[in-house]
Each structure stands twice: as structure tokens, then as C-alpha cells.
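The values are calculated or read from the model by the stated rules, or taken from the named source; none is laboratory data. Just so it is clear, the structure is predicted and the values come from calculations on it, not from any experiment. A quick note on method: Cβ atoms are made from the backbone with ideal geometry, for glycine too, and the neighbour counts reach across all protein chains shown.
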Amino acid sequence: MSLSSSSLFSDLDVEVIPDAPLGAMTWYGIGGRADLLVRPRTVVALETLARRCARSGTPLRVLGNGANLLVADEGVDGIVVRLDQPVFREVRYNQTGEIQLMRAMAGADLAKTLMETVRRGMDGLVPLAGIPASIGGAIRMNAGGAYGAIAEAVDSVTCISRNGRRVTYPASELVFDYRSTNIPDPIILAAVFRLVPDDPVRVRARVKEIFEYKKSTQPLADHSAGCAFKNPFDPVQEERRSAGRLIDEAGLKGLRIGGATISRHHANFIVAEPGASASDVEQLLAEVRRRVFERSGLELEEEVVIWRRGDPS
């Protein structure tokens, strides 16, 4: 039975887009299409869809804002869910007393949410300035950088399990590691953050400082997915090494395959130039891994997430 005529979503409050141009929705702007893109309008519809996909064995993926995603040229099967309807972008603050907690739905934009907290004179998300992500995506990968990670502000995370049940984890039950979490559920629904009142002028100045640092060190205007690789752990030095430095030391800045090239501004950024394909980027990622390993003995692991047809969701 065709997914488009199945009973997975025909009675749900959702918008369904067959053969959706998924690659164009990512920051790379390249790659294939999704068999089906589904935009739920209610949490109940999302829960029901998750439960039915699990029961039928239908792959289910969640698209954030596409900042660290590469979609393979052949596209992806199953259902891709996009949480961009108003109910999934809502942000609320505690209603009584001094603001201390903020609840943001997974589809809320991290940058806009952060700047609203700054406007209110609140610290907590400031270390994430300049990181493009949805709230859900930022939680999933424990987004962060030189100034800190999102885990430092998390109070709790609410998810939808594979069987469509809503479950909330306090921060004490979660393990946030380098660019990862131990969250077992396929869908992050919302997160509660601890905020700290601060001088709005000081908070804005810190955000500006972080933006200036990133502007001077990263090719922000290019089509990329941010850092291509995670910083690998060096068992000899017993610390993480800079992936960008390892790539630079291997003499790979400017290396090109097709329309994909390693940025000369920052070696851990792979840029997609006009005419590039997802295959070009994948081949370049593989070549970088090979050459860095040959030179340093360290295995690079992609930070950019790659979606391929037939992969488990």
C-alpha cells in the first residue's frame, strides 16, 4: 500500500507534502527529496503518527532547521516530520514571580529564543549565540562551542516515545556528552530551561562578543552545515583535538571534490558551491577522514548528520 494513501495520517490534523524538496530545506541547499513530509498541527496528531509509524515499521525522521543536515541525492524514504506549526514553536516563561524558567517547544528557533531571553535580561542560553538550530535539534546534539553547551541550562526535556507516549526526563536523569545525549526517544517535544536574571546591557555585550568571535573564525556566509567533524579524542594526549586544526595540518584547506570544497577560512567547514551535489560532500568527507587518519592516526567522526534512503530512522 502506498504511504500516500495509507491510514497512517489520513484522519490526523496534519499537512502532507508528497515528494517534498527536502535537500532545499537544509543549510546546504542540496540533496534529494522526501517521499513524504508531514507537518502536524497538534501534539496529539504527532503522538498518534509516531505510534502508527512504530507499529507499521515506517521510518520516521524529524527535520529541525536543517543546519547540520546533509540529505543524500537519492532522498529519504518513510516520513519526515517538520515541527514548524505554531504549537511546536511556542515559548513560555513562568507566570509568577521573577522569571527563572522557560519552556520552549522543539520547533522554536534557538537564535530567536535566545535573543528574546537577552531582551528580557536573562542569561542561560547566551553561550549558544551564533549556533543555528531548533530547540529540539540543539538538545539532541547538545549544541555548544567554546563558550558552553545547551546542557548547562536544561532543567528537563519532554519527548514522545516510539509508542507515542509523552515522557519527561529531569536533567538529573539525562547524560549530556560531547555533541550527544542519551535520550532514547525518537522525538523531542519540548525543554524547560533555567534562566538567571542579569543586566541586559551586560548580556547583550556578551552575545555581541560571541558573534564577533564566530564571524572572525567561521565562514558564516557560505553554504555549509557548520562544523563537518566532531573534535576527536586523542588517547595519547588524553584530550580532544581540534578537528579543524588536524584538517589544516594535513594540508587540506581548499581541497575540492566536484562542487564541494574545504573552506580556506576554517578547515572544519565544507562548503557547497553552485552546482554541488550531496555526493560531492559525502566524497569529500570520506577523503578528509582518510587523509587525517593517515597523518595523525585519529579517526574523525562526522558532526553533520547524513540522511540516506534505507537507513534506520
Is it fair to say Tyr178 is aromatic (Phe, Trp, Tyr), closer than 30 Å to Arg52 by Cβ and not assigned by TED's automatic domain parsing to the domain that holds Gly64? no
Looking at Ala276 and the list (1) closer than 30 Å to Arg162 by Cβ; (2) in contact with a strand residue (DSSP E or B) (Cβ under 7 Å, 6 or more places away or on another chain); (3) in contact (Cβ under 8 Å) with a residue 60 or more places away in the chain, which single condition is not satisfied? (1)
Here are the criteria: (1) within 30 Å of Thr117 (Cβ to Cβ); (2) in contact (Cβ under 8 Å) with a residue 12 or more places away in the chain. Tell me which single one Glu209 does not satisfy. (2)
Of everything in the stretch 25-59 that's buried (at least 18 other Cβ atoms within 10 Å of the Cβ) and of a type in the set (Gly, Ala, Ser), which residue is farthest from the chain's Cα centre (by Cα)? Ala45
Criterion first (among the aromatic types (Phe, Trp, Tyr) and surrounded by 17 or more Cβ atoms within 10 Å (Cβ to Cβ)) does Tyr178 satisfy it? no
Could you list all residues from the stretch 110-130 that are surrounded by fewer than 24 Cβ atoms within 10 Å (Cβ to Cβ) and either under 17 Å from Thr26 (Cβ atoms) or of a type in the set (Ser, Thr, Tyr) (or both)? Ala111, Thr113
Here is a check on your reading of the model: is Glu299 outside the structural domain of Gly145 (by TED's automatic domain parsing), modelled with pLDDT of 95 or more, acidic (Asp, Glu) and closer than 30 Å to Leu60 by Cα? yes
When you check Val91 against the structure, is it surrounded by fewer than 22 Cβ atoms within 10 Å (Cβ to Cβ) and either over 21 Å from Phe176 (Cα atoms) or of a type in the set (A, V, I, L, M, F, W, C) (or both), yes or no? yes
Is there a residue being modelled with pLDDT of 95 or more, among the hydroxyl-bearing types (Ser, Thr, Tyr) and assigned by TED's automatic domain parsing to the domain that holds Leu125 anywhere in the stretch 181-198? yes
Scan of the stretch 259-295 for residues that are part of a helix (DSSP H, G or I), touching a Lys or Arg at 6+ places or on another chain (Cβ under 8 Å) and surrounded by fewer than 17 Cβ atoms within 10 Å (Cβ to Cβ), ordered by number: none
If I ask for residues that are surrounded by fewer than 17 Cβ atoms within 10 Å (Cβ to Cβ) and among the β-branched types (Val, Ile, Thr), which ones from the stretch 149-175 would you list? Val167, Thr168, Val175
